[in-house]
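The values are calculated or read from the model by the stated rules, or taken from the named source; none is laboratory data. Being a predicted model, the structure only gives us computed values, none of them experimental. Using ideal geometry, Cβ is built from the backbone for each residue, glycine included, and neighbour counts are taken over all protein chains shown. Surface areas here come from the heavy atoms of the whole protein model, side chains and all, with no ligands, DNA or RNA. Shrake-Rupley method; radii C 1.70, N 1.55, O 1.52, S 1.80 Å.
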Amino acid sequence: MKSIREIFNIGYGPSSSHTMGPSRAAKFFDEKYGESDHLRVTLYGSLALTGKGHGTDSAILKVVSHPERTEIVWRPDISLPKHPNGMLFEAMNGGETVESWTVYSIGGGALWDELGTFDGGEVYPKTTMEEIMQWCLDEGCTFVDYVEKYEGKEIFTYLEEVWQYMQEAVARGLSTEGVLPGELKLARKASSYNVKAMQFTGSSRSMGLLFATALAVSEENAGGGCVVTAPTCGASGVLPALMYFMKHDQQMPDYRIIRGLATAGLIGNIVKSNGSISGAEVGCQGELGTACAMAAGAATQVWGGTPRQIEYAAEIGFEHNLGLTCDPVLGYVQIPCIERNAFVAQKAREAALYALFSDGRHMVSFDEVVKTMMETGLDMQAKYRETSLGGLACVCMRKLNKNKK
C-alpha cells in the first residue's frame, strides 16, 4: 500500500480525475514531446462524456507548451479496457504519429499505465483494515502510530500543510459570494449558511456550521479553486468541514486534527488499494462513501476513540453510502455534488458519535464493505457512473431544457 500522500493531493478543482489527473498526464507527456509538430490527446469514455463540464480540455491546454498545436479529440462512444477514464497522447511530426502513450486517470489525481510510470512504490506492508487493526491491538498502538511507523515523523509536516490548505479553502468559501461558473448558474450558499448558522444555538447551530463549511470547500472546488483531495475533488468538502467544525466548535487543538488526518488518510488508502475511489468506475459511493468513512474515522480518532471504534465509525460511514450513483448535471461538479458533501459531512459526524457509544464490536467489517462497494460499482450501469447519461443528470436536464423553451 502506497503513501497516504497520494490520498491528499493539493491542486485545483473541479475534478481530481477529470482535471488534476489529465493535466498531470499532459504535463508529463509535454515535457518529453512538447516540441513536436502536433500533439493529439484523445479522451475516452467518462472523460469524454463529462470532460467539457469538468473542464478537462482547459486543464490540458493550460499545461502544454503549445496549446495552439494541441488537438483534443472526444470519444464518448469508446471506453478503454482498464478504466473508464482513459487517455491516448500522441506526438506527431509531418502528420505521422512518432510516439504514443495510453494512460488512465484512476481517481484522486492518480494516474496509471501498464509501464508503471507513476508507481511510487509500496510503503505499508499491511493492506486491509483487519490486518492493521490487529497490529494496533497486538502492539497497544493507534492507527496514527502505524502511519508514523512506515511514513516517519515527516508525514506530520506534510499533514500540517494539508490542514493549512484545507482551512484556507474553508475561509475562502465562507467569504465568497456570487454564481459558480458554467451553464447551471448555481449560486454559492456557504456564506449565507454561515451567517444564518451563527444566529442559532445548540444543535441547529452546530448542524448549520457543518453544512456551511462543507459547502464552502465544495463551492471552492466547483469554482476551480485550490482544494485538497480527500479522497477526490468531488468529495473534498467532507473531511475538512468536520475537522474545521471540531477545531472551532469543539475547541480541538491542531495537533489532534493532524492525528485525525493521518487516520483518515490510512482509511482512504485502504479503499483505494482494495477498491476504488473513482466515480467513473464505481459511482459516487467510491468518492463520497470513502470521504464519509475517512471523516468518521478521523473524528473518532480526535474524540479519543479506540481502534475498534474508529473501524466501526468508518464502516458505518461507508456502509450507509453504498449504491450512491455519480450523475452530475451537465458534467459539472455542482448538482448534486455540492449538496451531497454537506449532508455526508453531517452523516460522518453521526457515524463517529454512534461508534463512540459502542464498544466497537459489530457484525459487518470495514473490509467487507469495501469489497461490497466494488461489487456494487461493477454491477452499476455505466449511465450511473459519471457519464451524465442517467439519474439526476437526466431529470435536471429535462427541467433545464423545458425552462429554456
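The table for this structure:
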{"read-out": "Of all residues in region 321-358 being among the charged types (D, E, K, R) and in contact with a helix residue (DSSP H, G or I) (Cβ under 7 Å, 6 or more places away or on another chain), the one that is modelled with the lowest pLDDT", "value": "D327"}
{"read-out": "Any strands (runs of 3 or more DSSP E) falling wholly within region 1-115 and containing at least 3 residues that are at pLDDT 95 or above", "value": "38-44, 70-75, 86-93, 96-107"}
{"read-out": "Top-ranked residue in region 336-389 [being aliphatic (A, V, I, L, M) and in a loop (DSSP other than H, G, I, E, B); ranked as nearest to P76 (Cα to Cα)]", "value": "L389"}
{"read-out": "Selection from region 141-191 of residues that are more than 19 Å from the chain's Cα centre (by Cα), crowded, with 20+ Cβ neighbours inside 10 Å and among the aromatic types (F, W, Y)", "value": "F143, Y146"}
{"read-out": "Evaluation of L353 against (1) open to solvent by 50 Å² or more (accessible area, probe 1.4 Å); (2) in contact with a strand residue (DSSP E or B) (Cβ under 6 Å, 6 or more places away or on another chain) (one fails), failing number", "value": "(2)"}
{"read-out": "Of all residues in region 62-92 being in contact with a Leu (Cβ under 6 Å, 6 or more places away or on another chain) and polar (S, T, N, Q), the one that is most open to solvent (accessible area, probe 1.4 Å)", "value": "T70"}
{"read-out": "Every residue from region 213-232 that is touching a strand residue (DSSP E or B) at 6+ places or on another chain (Cβ under 8 Å), modelled with pLDDT of 95 or more and part of a loop (DSSP other than H, G, I, E, B)", "value": "T229, P231, T232"}
{"read-out": "Single unsatisfied condition, V329 versus (1) open to solvent by less than 40 Å² (accessible area, probe 1.4 Å); (2) over 19 Å from the mean Cα position of the chain (by Cα)", "value": "(2)"}
{"read-out": "All helices (runs of 4 or more DSSP H) inside region 235-300 with 2 or more residues being open to solvent by less than 10 Å² (accessible area, probe 1.4 Å) and either out of contact with any strand residue (DSSP E or B) (no Cβ under 7 Å at 6 or more places or on another chain) or under 20 Å from K2 (Cα atoms) (or both)", "value": "238-248, 254-274"}
{"read-out": "Residue among G120, G95 that is surrounded by fewer than 14 Cβ atoms within 10 Å (Cβ to Cβ) and within 20 Å of the chain's Cα centre (by Cα)", "value": "G120"}
